[in-house]
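**Student:** One structure coming up, written as structure tokens, with questions to follow.
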Protein chains: 2
Amino acid sequence: MREVSALVQKGARSFIRIQYRILAVFAAVVAIILALVNTFLGEAGLAIAISFVIGSFASMVAGYVGLLVATRANRRTAAAAATGGLEPAFRVAFRAGSVMGLTISGIALLGLGLLYLMWDYVFPLANPLQLWEILVGFSFGASTVSLFARAGGGIFTKTADMAADIVGKVEQRIAEDDPRNPAAVADAVGDNVGDVVGCGADIFDSNVASILAAAILGAAIDASIAPTVPYGLLPLLTATLGTLSSVISAFFVRTTRGRDASGALNRGTYLSTIIFSVLITLATFLLGIPIVIAAAAILGLLAGVVIGVVSNIFTSDTGFLSFRPVRSMLHAAETSSATLILSGYSYGLLSAIPSVLGIAIAMIGSFLLGALVPGLTPTTGGVYGVAIAAVGLLATHGLVVSSDAYGPIVDNARGLIEQAHAPKEAIDVCDRLDAVGNTAKAITKGFAIGASALTVIALFAAFAQLAKSYFGTIIVVDLLNPVIMAGGLIGALIPVMFTGLTILGVQRNAGKMIAEIRRQFKKNPRILAGKSLPDYDRCISIATSGAIRELMPATVISIIATVLTGVILGLQALTAYLGGAVVTGLILALFMDNAGGAWDNTKKVVESLAYDHKQPRYREIHESSILGDMVGDPFKDTAGPSINTLLAVLSLTATIFLPFIAAANLWVYTILFHP
Amino acid sequence: MREVSALVQKGARSFIRIQYRILAVFAAVVAIILALVNTFLGEAGLAIAISFVIGSFASMVAGYVGLLVATRANRRTAAAAATGGLEPAFRVAFRAGSVMGLTISGIALLGLGLLYLMWDYVFPLANPLQLWEILVGFSFGASTVSLFARAGGGIFTKTADMAADIVGKVEQRIAEDDPRNPAAVADAVGDNVGDVVGCGADIFDSNVASILAAAILGAAIDASIAPTVPYGLLPLLTATLGTLSSVISAFFVRTTRGRDASGALNRGTYLSTIIFSVLITLATFLLGIPIVIAAAAILGLLAGVVIGVVSNIFTSDTGFLSFRPVRSMLHAAETSSATLILSGYSYGLLSAIPSVLGIAIAMIGSFLLGALVPGLTPTTGGVYGVAIAAVGLLATHGLVVSSDAYGPIVDNARGLIEQAHAPKEAIDVCDRLDAVGNTAKAITKGFAIGASALTVIALFAAFAQLAKSYFGTIIVVDLLNPVIMAGGLIGALIPVMFTGLTILGVQRNAGKMIAEIRRQFKKNPRILAGKSLPDYDRCISIATSGAIRELMPATVISIIATVLTGVILGLQALTAYLGGAVVTGLILALFMDNAGGAWDNTKKVVESLAYDHKQPRYREIHESSILGDMVGDPFKDTAGPSINTLLAVLSLTATIFLPFIAAANLWVYTILFHP
């Protein structure tokens, strides 16, 4: 057990080393571009670049801590399951998750707080507006690195998974985790890399972006309208209270007794929601901020819970009353592979509807609540309400991440136990813990997507606010203007392009790894005989460098398209572009996450003991369900969960390049129309 | 040959009879609702309802003519291929297509022209604005019936296809078109119903909507700014000139010599484009309308051609230079079924990018051209430019439909020849003609989608124009307002919902037909022995009524959601709702059409003689390619091509209920905020 775990740890470190080296180069290049483009901002130009580097570094640390904790906790959880049973195993796994979740909260609060103090008090800027551009630099750094962690990790894990399955299971007919397979370690590393590092960096960057957007809007209110009430500081305070609620609740989750792991996690979620609600209400009251703002934050948090519940209905076997998509998909699988694919596609699309409606209702609700704030115009207050709802949604992310990281930890522990031929009861313990982890994962993804939607809306408004503060022009994005609508159409293509390129990237990369595995088997027949260890590192290195190579074009195109749209079509079309990206991005993300989850669970039902394995067509039905799962894998682990980070990157690109875009657009406009 | 053809004709008539009966009831109900809701408009309220009924009827006639021509032409084309060879067969098939295409043009021009004369000259209205609401009624009728024809036909054809394949090919191992299969006739009817009736009604309704939108904008210009220049009449004139160009070009296509059918069709397309460009330039010159408007119309037409070419690159085996998606998909099929599905999905998504960019460029270009019109504000002129581009895109639809209808005619002729055991050369003639038909079909779908995008943008503007004319309020749809953005998100869900429900509908309906086929085989074993004819009509009736039953909820939800969004969130959010629907609708439509086409063609390559049938894994590769085709079938024949009609229905719903929505929203707003 220790040996395999050590290999996985080594592999994961090897991935991190290669990825972070490339990311450091990328970050350096972007930092230089940022510094050059912003030279006309004076000292702030350099500060933006530095802040970007710090943000990138913070995101890398957040991911690394997660990986460190998770890869170590695997073995301990496995050992606890083998010796102590369910309760100690649960405690070890959940505690490891909590360490990660709370570290991430801490880094976000620390980074933003220190940078703020630095440029507001230590080296006050000539133009205080530039303070926000500097903080946006931090957030931009966090998000770009997070995109690489999430999508790069997703390509990595699915590359290894697909290649290991195709050469191992199909061609050589050896078991899934067989150590003779050169891709076996890469596959195990991928589970950690994709889920833990990706999720950690992802929630980290959303959190930073949501706090920042609300702070920009709040500061503008403070500056112009209500200087006595600290609207600008409330977002940071909200996040701090959320972290506090998470810490308290995590303590109670730890004391769970008996066998009900799912109940323990749910209790944690409910408890943190309640504690947060009480704290935020108290805080606003004490600060003299109208109570409706606290209500907006709570509404945001509730929206996150609703999205999680919907994801669960569409992807788990239980469903809701007589509406049980996974059951229908099972019937479809019994008809043919094509009908299974089609019904997963259809239910995946339909699953986006209640979640997006929930987001829309949260947006409208928090807008109306914010509009009730006395002394502010309805629009100013309303938009601030939406921004606070986004912060509220993510406030208890410490606990959410704890439950999420818990999933892959248990999953890996199960793999270790299996490879170490531990007793059957230990595997059973892990299986029971694992089932709970899957539900937690679905809920976290819902949180992440909901948060990104509200955050991007808030970033919109922050972007417009900064534009107004800088140039005095009020941005009105009139969709009835065909040029602006064209901007919306172009923006809508970005998540589509990103999805298409990353999924093709997985395939291309898997092709390379398949060639490498075949080469090793051919060159050294002792590997298959079990007498010689395969070269695991080659596979890890192919997966790593391939993941980044396949991801780079999609990322660079996304950033350049954003800047170009702004420069050529103007700030209004750029805002519509961001809106278009949110619309397709949200729907694609929910569709792919849930379709992938539903196919996965359909396969699990077919493989479960409750299903009739002796029926005449079982083999075909099982093969169909495996096909569904393979199609769904890159949906739910590569493209789907990356999209919310992509949306943050797009919005932050627009915001950080705002001064440049505005200047360049004026120049283009002058050339075109007033030569 | 004559016998089978007669059965198909009878089956098609049976479908039409049942469908049109249900549609008549539906139209009557909607007409009553329209009359009731609009009673406060006085006499115009009733006129809107009547106009709606006329529009529905006209759309039914357009579809019926197509069906009549196509089912008769099948047999004649087959006979011509068997006796005269390629040239006469091509001439018969193309001439039949032309009859259909030009009839459709004629009905549109006649209907709009007569209604206009009726309410403008014969019974002039007290409020001339209501004239437009009445004409919108005609367009709304045309579009709702077209939606049923397109999507209902799509569900019909794929229901029959899937059921016939699963029971026939898989369970009983009889050939695809075997007359012993009770679903055989339904399958053949489906080819006509889905492609010919659907396409006819679809292009008909887009054409009417685009002319109308441009006419509303033009009339507003005439009324307020430039009464000497007939901007309001130009759209009808543009469409007339387009039809004229189509007639002239069709004449030249007929005189083609030699064996190059593809060249003949392309010559027709190019010729009609050139003739139209000359005519429209001349006409604007003579009418004193600035030449830039003619340029906008030509730009629209060119955009349609570009989208068609892009579809062809992504779906045909040829590709573009070294970019050959179908080749990559073939390699993916050689790896596994899952990789084939994933690569079709990815390339389908990527195929939306150049087309949507083309549409965006056409929008921006025609806006800028229109903005140059002297005497108009840039926005007024620009939006009119976009509307005229939409009319221009569809102007030569007479010829486009001719080429499109030609495809299924040849396809069916091939089926007839095969069933009648005609000589191999005749089959070869049809195969060669069929390959050309597939390309033509891809191009037509591109035209239809491009037209719908531009038309909906124009309908937007017409909607805002009518709102302004009615209530004096200028609609500015500011995306930065979260309530309006929420409207956009809700609208974006409509095509997603429609796609999910129709594809699930195909599966559910196929399930019923499978049960019926099994029942017939079990009850009467003489059917399988070939000694007794199966009950074809039962299958046709299941497919027909099921198609409408599965479609009705999606259609009703779409209409009600549109009205509710307007009533609850207001006209601005409603406009954003339409914008959101266009964004996801366009992308989904292009994605599904092209992914489906690419899977279909991958299968064709695998089955072609050029592919190595003797390689060891051929059977698996062939099965993968069949799976891809089955998944793609409802993409490209059910959901994909229905979406552009859906978008027209949404926009027209908003426009026709505009007075009601505005009044009800005021009422809701008063209750909520000023009790």
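**Student:** So what's the back-of-envelope 222 nm ellipticity for chain B, counting only DSSP H runs of four-plus at -39500 (n - 2.57) apiece and dividing by all residues, rounded to 500?
**Tutor:** -28500 deg cm²/dmol
**Student:** Once fully extended, how much extra length lies between B:I291 and B:F320, figured as 0.36 nm per residue of separation less the alpha-carbon to alpha-carbon distance?
**Tutor:** 7.0 nm
**Student:** Once a ≥ b ≥ c are taken as the square roots of the eigenvalues of the Cα gyration tensor of the protein assembly as shown, is the result rounded (a/c under 1.5), prolate (a/b larger than b/c) or oblate (a/b not larger than b/c)?
**Tutor:** oblate
**Student:** Evaluate Rg over Rh across region B:4-133, taking Cα atoms for both radii and Kirkwood's formula for Rh.
**Tutor:** Here the Rg-to-Rh quotient is 1.15.
**Student:** Taking +1 at the Cβ of each Lys and Arg and -1 at the Cβ of each Asp and Glu, which of B:N127, B:V292, B:T502 sits farthest along the dipole of region B:2-673 towards its positive end, judged by Cα position relative to the Cα centre?
**Tutor:** The listed residue farthest towards the positive side: B:T502.
**Student:** Over all distinct alpha-carbon pairs, what is the Kirkwood Rh of chain A in angstrom? It would help to have the intermediate numbers written out before the result.
**Tutor:** Numbers: mean 1/r = 0.0397 Å⁻¹.
About 25.2 Å, per the Kirkwood formula over Cα pairs.
**Student:** Rank the residues A:H397, A:H331 as a footprinting-exposure proxy: fewest other Cβ atoms within 10 Å of their Cβ go first.
**Tutor:** So the residues, fewest neighbours to most, are A:H331, A:H397.
**Student:** Determine how many Å³ per residue the convex hull of the Cα atoms of region B:84-187 encloses.
**Tutor:** Numbers: hull volume 14.6 nm³, N = 104.
Given the Cα convex hull of region B:84-187, per-residue volume reads 141 Å³.
**Student:** Could you pull the copy-to-copy label distances for A:A663, with points set 7 Å along Cα to Cβ, in nm to one decimal and sorted shortest first?
**Tutor:** 5.6
**Student:** To continue, here is another question. Of A:V401, B:T455, A:A82, which is farthest on the positive side of the dipole of the protein assembly as shown, counting Cα position, with +1 on Lys and Arg Cβ, -1 on Asp and Glu Cβ, and the Cα centre as origin?
**Tutor:** Of the options given, the answer is A:A82.
**Student:** Let me ask something additional. Could you work out how far the C-alpha centroid of region A:54-103 sits from that of region A:380-396, in angstrom?
**Tutor:** So the separation of the two Cα centres works out to 30 Å.
**Student:** Using Cα positions and a limit of under 12 Å, work out the aspartates and glutamates in reach of B:K636, with same-chain residues fewer than 8 apart set aside.
**Tutor:** Once the sequence-local aspartates and glutamates are set aside, what remains near B:K636 is B:D195, B:D593, B:D600.
**Student:** Within chain B, which is the longest segment containing none of the trypsin sites (Lys or Arg not before Pro) that sit in a DSSP loop and have at most 16 other Cβ atoms within 10 Å? Mind dumping the intermediate values first?
**Tutor:** Working: sites that count: B:R173, B:R257, B:R259, B:R526, B:K531, B:K614, B:R617.
For trypsin sites (Lys or Arg not before Pro) (loop position, at most 16 other Cβ atoms within 10 Å), the longest site-free span of chain B is B:260-525.
**Student:** Quick one: net charge around B:V400, please, counting Lys, Arg +1 and Asp, Glu -1 for every other residue with C-beta under 11 Å from its C-beta.
**Tutor:** With Lys, Arg at +1 and Asp, Glu at -1, the neighbours total +1.
**Student:** In addition: Cross-chain or 8 or more residues apart, Cα under 27 Å: how many lysine pairs in region B:490-630 fit that? Count them up, please.
**Tutor:** On the way: B:K512/B:K522; B:K512/B:K523; B:K512/B:K531; B:K522/B:K531; B:K523/B:K531; B:K603/B:K614; B:K604/B:K614.
Close lysine pairs under the 27 Å cut-off: 7.
**Student:** Toward the positive end of the charge dipole of region A:525-675, about the Cα centre and with charges on Cβ (Lys, Arg +1; Asp, Glu -1), which of A:N594, A:P553, A:Y669 goes farthest?
**Tutor:** Positive-most Cα among the choices belongs to A:P553.
**Student:** Amide H of A:F320 versus every other amide H placed in the peptide plane: which residues, excluding those fewer than 5 positions away on the same chain, fall under 5 Å?
**Tutor:** Close amide H contacts, sequence-distant or interchain: none at all.
**Student:** Measuring from label point to label point, each 7 Å out along Cα→Cβ, what is the B:K10 to B:F123 span in nm?
**Tutor:** Rounded to a tenth, the inter-label distance reads 4.4 nm.
**Student:** How large is the charge dipole for region A:196-351, taken about the Cα centre, if only the Cβ atoms of Lys, Arg (+1) and Asp, Glu (-1) carry charge, to the nearest 20 debye?
**Tutor:** Using Cβ point charges on Lys, Arg, Asp and Glu, region A:196-351 gives about 460 debye.
**Student:** With +1 on each Lys and Arg Cβ and -1 on each Asp and Glu Cβ, and nothing else charged, work out how big the dipole of the protein assembly as shown is about its Cα centre, in Debye to the nearest 20.
**Tutor:** Charge dipole, the protein assembly as shown, about its Cα centre: 2060 debye, nearest 20.
**Student:** In whole angstrom, how far apart do the alpha carbon centroids of region A:273-298 and region B:594-613 sit?
**Tutor:** 61 Å
**Student:** In nm to one decimal, list the spacings between the B:E623 label point and its equivalents in the other copies, with label points set 7 Å along Cα to Cβ, shortest first.
**Tutor:** 0.3
**Student:** Show log10 I(q)/I(0) for region A:86-143 at q = 0.19, 0.22 Å⁻¹, two decimals, from a solvent-free Debye sum over equal Cα scatterers.
**Tutor:** Treating every Cα as an identical point scatterer, log10 I(q)/I(0) equals -0.72, -0.84.
**Student:** Just to confirm my numbers, what's the Cα centroid distance between region B:326-379 and region B:399-429 in Å?
**Tutor:** Between the Cα centre of region B:326-379 and that of region B:399-429, the gap is 31 Å.
**Student:** On to the next question. Please list, or write none, the lysines whose alpha carbon is within less than 16 Å of the alpha carbon of B:K169, excluding same-chain residues fewer than 8 places away.
**Tutor:** Answer for B:K169, where 16 Å is the Cα cut-off: B:K158, listed by chain and number.
**Student:** May I pose another question? Using unit Cβ charges (K, R positive; D, E negative) and no other charged atoms, how large, in debye to the nearest 20, is the dipole of region A:2-673 about its Cα centre?
**Tutor:** Its charge dipole is roughly 1240 debye.
**Student:** From the label point of A:I32, set 7 Å from Cα along Cα→Cβ, how far away are the matching label points in the other copies, in nm, ordered shortest to longest?
**Tutor:** So the distances to the same position in the other copies read 7.5 nm.
**Student:** Where does the charge balance sit around A:I643 when Lys and Arg score +1, Asp and Glu -1, over other residues with C-beta under 12 Å from its C-beta?
**Tutor:** Local net charge: +1.
All of the numbers you see were taken from the coordinates with simple rules; none came from a lab. Given the structure is predicted, the values throughout are model-derived calculations rather than measurements. Backbone-built Cβ (ideal geometry, glycine too); neighbour counts: all protein chains shown.
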